[in-house]
1. From (1) in contact (Cβ under 8 Å) with a residue 60 or more places away in the chain; (2) within 16 Å of ligand 2 (Cβ to nearest atom), pick out the condition that doesn't hold for residue 164.
2. Every residue in the stretch 81-96 that is more than 16 Å from ligand 2 (Cβ to nearest atom) and touching a residue at least 12 places away in the same chain (Cβ under 8 Å), please.
3. Residues that are more than 24 Å from the chain's Cα centre (by Cα) and closer than 30 Å to residue 421 by Cα: list the helices (runs of 4 or more DSSP H) wholly contained in the stretch 307-392 that include at least 1 such residues.
4. So which helices (runs of 4 or more DSSP H) are wholly in the stretch 139-231 and hold at least 2 residues that are closer than 21 Å to residue 67 by Cα?
5. Does residue 14 count as more than 26 Å from residue 237 (Cβ to Cβ) and surrounded by 17 or more Cβ atoms within 10 Å (Cβ to Cβ)?
6. Going by the conditions given, is residue 132 more than 16 Å from ligand 2 (Cβ to nearest atom) and either modelled with pLDDT of 95 or more or buried (at least 17 other Cβ atoms within 10 Å of the Cβ) (or both)?
7. Restricting to strands (runs of 3 or more DSSP E) lying wholly in the stretch 1-80: which have 1 or more residues that are modelled with pLDDT of 95 or more and within 16 Å of ligand 2 (Cβ to nearest atom)?
8. I'd like to check which helices (runs of 4 or more DSSP H) are fully inside the stretch 240-303 and have at least 1 residues that are under 19 Å from residue 203 (Cα atoms).
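The values are calculated or read from the model by the stated rules, or taken from the named source; none is laboratory data. Only a predicted model underlies this, so the values are computations on that prediction, with no experimental measurement involved. Glycine also receives a Cβ, built like all others from the backbone with ideal geometry; neighbour counts cover every protein chain displayed.
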Ligand code: ATP
Ligand code: MG
C-alpha cells in the first residue's frame, strides 16, 4: 500500500502555465520576497512562491504575506541570510526578517507517514495526528503535503512559470476549496485544517467541495486533539480576517465553534425564547467594519467579546449567591478565563486586558464621579468604551449613559466639571432616596 502511494506520487506531474497568460500581476510581490527568491537561486537552490500569496495574486488580491518553498534545508536557508531564524518544532521553518516584513521559507516536505512504524520520521499521535513533520522531500511530494489545491500553486517570478499539481487553478476559477487527498485523513493528521477551510471559505467567498464539507460535519470533534496553544493564533486568524461574521456562522454550522468556545456555544444553543443573543454577531460585524476601515483590532477585545455571554452567566449566578456586583464580575472573570484557557491558551497579558475591559463595564454603568477620571485615564479606556457602545446598541447599557460617555470625552475641562457636578448631584439624590427607603 505504502509503495503504491509513493509510486503514484512519483508519477505526479505538474501542469505549467505562464503567469502572464493568467494575468498574474507581478508588481504585487514584495521586494523582500523577490530578494529571498533571488538569493536562494544564486546559491543554487530551487525557490518558489507558494500558498496564499500565489492564490491571492491570481484572484487579483494583495497578498497578506509571502511564503517561499525551497529544496534548501532549514540550516542552509538560515546560513544564506543574516536575518534568518529557524522557528517551530512541529514544522521547522525559517523566518527571514526585513523590518516588519517576515518571509517564511519552508523546505519541501516528504510524503506523509502511514503507520506508527514511521514514528521516527513523522511522529504520529492519537487519531493519526502528525506530531512532527520534518521529513524532507522533493517538489512533487511537497505539493501533496499542502492542505488545499488552491494553496498548492508554485510560482517563480524569475521565469514567470506557474506550477499546478492538483488542478488548483481550475478550483480558483470556480471558487472551490478542495482538500488534497482524503479529507478525513488530512483532517486527522492536522485538525486545524478544518479551521483553515472555514477561514478561506469565509475570506474568499469560496464554496467547500462536498467531501471536504461532509468530513468536517462528521469529524469536528478532532479539534479536541489540537494543543490549546496552537488554537490561540488560529482563532485570531479566523476572526481578524475581515469576515468574522461569516466565519462565526460557518464555525457554528459545522459544529466547530463548540471546540473553541464551549461555554459560549452552550449558551447560544440554549438561546432563551424571545431573547436572541445579538451581542456577539453585532460585535463581530463591528470587527469586520473596523478592519475594512483600517482601524486597529486587538486580541483582548475579540476574546472579551467571544466570552462575554459566559461571563454574564457566571456573574448572575454569583449575584444570586449574594456577592456584590463588583465582586461577582471579578469572580465571573476568573471562572470564564480558567474554563477557556484549557481549550484555547490565551496568554496572560491578554487575559489581564480582557478582565480590565469587563470590569470597566461596571464603572461605565455606575458613572460614579470619583471613578470617571480614573476610567478616562485607563490605558484600555478606548477598548472598554467601544465594548460599552456595543452593549448599549443591544440594550445591555443605557443609550443616554452611552451618549454621556461620548460627550465627556469631547468637551473641554469646564464642561467636563459641569457634567460631573450634575452627576454627583443625581447620585447624592439617589443615595438619599435609598436611605429614606431603608429607614422606613
Ligand atoms: P494566508 O497567509 O493568506 O492566511 P496561506 O494559505 O498562505 O494563507 P499560511 O498559513 O501562510 O496560509 O501557509 C502557507 C501555505 O502552507 C499554505 O498555503 C499551505 O500550502 C501550507 N499550509 C499551511 N498550513 C498547513 C496545514 N496545516 N496543512 C497543510 N498545509 C499547510
Ligand atoms: Mg501565507
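1. (2)
2. Within the stretch 81-96, 81, 83, 84, 85, 86, 89, 90, 92 meet the criteria.
3. In the stretch 307-392, the matching helices (runs of 4 or more DSSP H) lie at 325-341, 348-366, 369-377.
4. Filter on the stretch 139-231 gives 139-145, 168-174, 192-204.
5. Yes, satisfied.
6. Yes, satisfied.
7. Result: 47-50, 66-70.
8. The helices (runs of 4 or more DSSP H) meeting that bar are 244-253, 279-292.
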